[in-house]
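The next block holds one structure in the form of structure tokens; read it before the comments.
The values are calculated or read from the model by the stated rules, or taken from the named source; none is laboratory data. All values derive from a computational prediction rather than experimental measurement. Cβ placement follows ideal geometry from the backbone for every residue including glycine, while neighbour counts extend to all protein chains displayed. The area values use the complete protein model at the heavy-atom level, side chains included, leaving out ligands, DNA and RNA. Shrake-Rupley method; radii C 1.70, N 1.55, O 1.52, S 1.80 Å.
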Amino acid sequence: MKIVLICGQLIMLQNTVWELPTKKSAKIVGLQNGLSVAMSNRLKEMGFCDGETISCLKQCPFNGPKVVELGGAILSIDKEIAQNIKIKM
Amino acid sequence: MSSTVSDNHKSAQQKVVLIGRPNSGKSLLFNQLTGLQQKVANFPGVTVELKSGKMKDLTIVDFPGTYSLHSFSQDEQVAVDAIYKALDSDETSLIVCVLDASRLERSLVFGLQIQALAKKHNKGFVFVINMIDDALRFGHEIDVQGLSAELGSPVFALSAKTLIGLSEFQQALPDLVEQQTCTPQNVSENHDEVITQSRHLAYKYGMNANVVLKQQNKIDQFLLHNWLGGIAFMAIMFLLFQSIFTWATPLMDAVESGIGILATFVSGALPEGVINDFLNDAIFGGVGSFLVFVPQIMVLTFIIGLLEDSGYLARAALICHKPLSFFGLSGRSFIPYLSGHACAIPAIMAARTIESPRKRLITMMTIPLMSCSARLPVYALLIAVFIPQTQYLGGLVNTQGMVFFGLYMTGIMTALIVSFVMDKMHFADGDKSEMPFILELPSYRLPHWKPLMYRVFNSAKYFIRRAAPVIFMVAVGIWFLGYFPIHEGGLENSYLGHIGHFIEPLFEPLGVDWRYGVAILMSFLAREVFVGTLGTLFGIEGADENIAGLAANIQNDGLTFGAGMGLLIFYVIALQCVATVATIKAETGSQKIAWGLVVGYGALAYLMAFIVNSIF
């Protein structure tokens, strides 16, 4: 977890899947609040649920999609999605 | 419980509906049950239409694979709507939900949603755990009875591929349809509860996923490697286009000599005269010269099918995502683009899988630039005329194949540039609903040869059926106009000659004479008509020449190299297909876009052909 000082205020930035390094695993702790209902439902159906273990298998070059393993499936997600999934490393 | 599907329906058609996630092997199960060899989709969006077949007196309906009842892209919405419709129908008596043994948790989320719906609509319901051979291979046996008790519905474990457990399921099906006892008891409709329950069940009954994934990861380490994966991707694509030429050649030669023998036989048996001339020029020369290219279409379909069924296409989409985003497209645009090389029509429909409406539109508008199989006859003919056949590396690479590859690349590059320009011009920017990219990478599988071969033959049949009537009519029309009024001045003084000379100024800048002009104009109906028209025209001109040797005829006729290359570029870019225009109109709902593309690409093609002709 990073703590950043912006305009004199302390803001805590939660880690997201986007920051998960290759070959590392983490537990999902939730989805960002700003997501649409359709999007968060879909992510849950695909297995992005609280407490699930997610591992990063690959990060495509030039900020390309991440390949992650989750609940017995291999998924590829781009930055926009990865940044919306909060994890605890 | 009173059943809505009661005794009076017994004699009527009773429908069994197959529902499941993509890649659950549902289509193969359908094929095995009905004996109908249909296409097995290994990627979302490939199964768009519903397929049905008979098993004894039951009708089995195969539904498109869906991830969830909460649709996300347009093709999912189509599938979800169809599911609701089937549930409302009295004819539907049993819902079969297909689960993937190696991915029980994921498939159960959808399965439980469907189960809840089936209960609501009072329909019979049964789970089938497919691909049990995958689980058995890793020494995992699923406790079917325990799972069935917890789910409150019958569960069958089988493999549609190795046929384990299939006959048991087939025998049980009629009884399951008759009795309504399999209507599920305790189901939850709450979204989060469904997810928790499927997780619990998968943990208890499913197999350890790691074993399956280990093997998959090993292959991915190579095929998704930063630069090795890129090289592999390029190599696969290069071989794909090479093989269209090299593998198909013997088959094409066989078709060509077959037509030649038939033509000689028929014209020998008939007395000389108008009928003989008609058969020779219009039928064998016009229609026959396009049949020669059917083997190439079959080879292309075979390789795309092979890549799709093996699970590689999803990887290719992933590899392409970042490069394609640069041009304003998505990784999902890759599959429509690739299948656009077989035919633009299914490709435009496959673009429905692209979640972002804007990227979908740009993809659809640029698909016609992919060199579809209708261009193959034109390419092959002109390449045969101008490019000598030289082989390198023991036949793996040859010059004609290289030029083919270059033409395909030109089409792809043009499409990317057009996409880029549209993206930068903020085309359709009003559609702000950008959807992010999420893609499941299916396990690698050995393709099943039966559905693949069925698909290959189907593509040939479809191509012939779609193109043959147009080509036949054009060939007959052209022949009539070119043959009459009878002779004296020959082709030059025929009706067609007069029309041709009238339009000749339009095509002069491209370095071609009126005969090619007529062929180009006619091919705005469908590109392959170009070859048929030229075949008919040259057939009328040289009465004693070998009919199948159109390439030799053009060579002797002295078409310049520059004009030939210009024609090739023209055919790479121009949108000449009535069916594609109709499909774009239907999918975008805009007449303006569809005809705008015809005019825009037509003008660009003309300009490029003019430039090429001037340079060489």
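The single condition among (1) open to solvent by 30 Å² or more (accessible area, probe 1.4 Å); (2) in contact (Cβ under 8 Å) with a residue 24 or more places away in the chain that B:F169 does not satisfy is (1). Of all residues in region B:70-84, those that are more than 25 Å from B:L158 (Cβ to Cβ) and open to solvent by less than 30 Å² (accessible area, probe 1.4 Å) total 5. Restricting to region B:200-252, give me the number of residues that are open to solvent by less than 40 Å² (accessible area, probe 1.4 Å) and not polar (S, T, N, Q). So the count comes out to 22. Among the criteria (1) under 29 Å from B:Q215 (Cβ atoms); (2) free of Cβ contacts under 8 Å to residues at least 40 places away in the same chain; (3) touching a helix residue (DSSP H, G or I) at 6+ places or on another chain (Cβ under 9 Å), the one A:S55 does not fulfil is (3). Residues of region A:31-89 that are facing chain B (nearest Cβ under 7 Å) and in a helix (DSSP H, G or I): A:A38, A:N41, A:R42, A:K44, A:E45, A:E80, A:I81. Answer yes or no as to whether B:I367 is open to solvent by 10 Å² or more (accessible area, probe 1.4 Å) and at negative phi. For B:I367, the condition - open to solvent by 10 Å² or more (accessible area, probe 1.4 Å) and at negative phi - is not met.
B:R358 meets the conditions (1) at pLDDT 85 or above; (2) open to solvent by less than 10 Å² (accessible area, probe 1.4 Å); (3) not small (G, A, S) in every case but one. The failed one is (2).
Which one is modelled with the highest pLDDT among residues in region B:27-41 that are touching a Ser or Thr at 6+ places or on another chain (Cβ under 8 Å) and of a type outside the set (S, T, Y)? Once the filter is applied, the top-ranked residue is B:Q38.
Out of the residues in region B:85-115 meeting the condition of being more than 24 Å from B:Q32 (Cβ to Cβ) and more than 14 Å from chain A (Cβ to nearest Cβ), tell me which one is least open to solvent (accessible area, probe 1.4 Å). First the steps, then the outcome.
First, the residues of region B:85-115 that are more than 24 Å from B:Q32 (Cβ to Cβ): B:85, B:87-90, B:105, B:109, B:112-113.
Still in the running and more than 14 Å from chain A (Cβ to nearest Cβ): B:85, B:87-90.
On the way: B:K85: 154, B:L87: 8, B:D88: 108, B:S89: 35, B:D90: 85 Å².
The selected residue is B:L87.
It is to be established whether one or more residues within region B:588-599 are open to solvent by less than 20 Å² (accessible area, probe 1.4 Å), out of contact with any strand residue (DSSP E or B) (no Cβ under 8 Å at 6 or more places or on another chain) and aromatic (F, W, Y).
Pass one, region B:588-599, residues open to solvent by less than 20 Å² (accessible area, probe 1.4 Å): B:594, B:597.
Still in the running and out of contact with any strand residue (DSSP E or B) (no Cβ under 8 Å at 6 or more places or on another chain): B:594, B:597.
Still in the list and also aromatic (F, W, Y): none.
Checked against the condition, which is being open to solvent by less than 20 Å² (accessible area, probe 1.4 Å), out of contact with any strand residue (DSSP E or B) (no Cβ under 8 Å at 6 or more places or on another chain) and aromatic (F, W, Y), region B:588-599 yields no hits at all.
Would region B:13-24 turn up any residue that is crowded, with 20+ Cβ neighbours inside 10 Å, within 14 Å of another protein chain (Cβ to nearest Cβ), on the phi > 0 side of the Ramachandran plot and modelled with pLDDT under 85? Yes, region B:13-24 contains at least one residue that is crowded, with 20+ Cβ neighbours inside 10 Å, within 14 Å of another protein chain (Cβ to nearest Cβ), on the phi > 0 side of the Ramachandran plot and modelled with pLDDT under 85. Listed by position, the helices (runs of 4 or more DSSP H) enclosed by region B:120-206 that each have at least 3 residues that are farther than 25 Å from B:H70 by Cβ are B:132-137, B:144-151, B:166-178. In region B:298-319 there is at least one residue matching the filter, namely being in contact (Cβ under 8 Å) with a residue 24 or more places away in the chain, open to solvent by 10 Å² or more (accessible area, probe 1.4 Å) and more than 25 Å from B:G65 (Cβ to Cβ). For B:V98, the conditions (1) modelled with pLDDT of 85 or more; (2) part of a helix (DSSP H, G or I) are fulfilled apart from (2).
Of the numbered criteria (1) modelled with pLDDT under 85; (2) in a helix (DSSP H, G or I); (3) away from every other protein chain (no Cβ under 12 Å), the one B:S257 fails is (1). Residue pairs whose Cβ atoms lie under 7 Å apart, separated by 6 or more positions or on different chains, with the first residue in region A:17-45 and acidic (D, E) and the second surrounded by 13 or more Cβ atoms within 10 Å (Cβ to Cβ), are A:E45/B:Y67; A:E45/B:S68; A:E45/B:V109.
If the requirement is being open to solvent by less than 40 Å² (accessible area, probe 1.4 Å) and within 14 Å of another protein chain (Cβ to nearest Cβ), which of these qualifies: B:L324, B:L338?
Working: B:L338 fails: within 14 Å of another protein chain (Cβ to nearest Cβ).
Among B:L324, B:L338, only B:L324 is open to solvent by less than 40 Å² (accessible area, probe 1.4 Å) and within 14 Å of another protein chain (Cβ to nearest Cβ).
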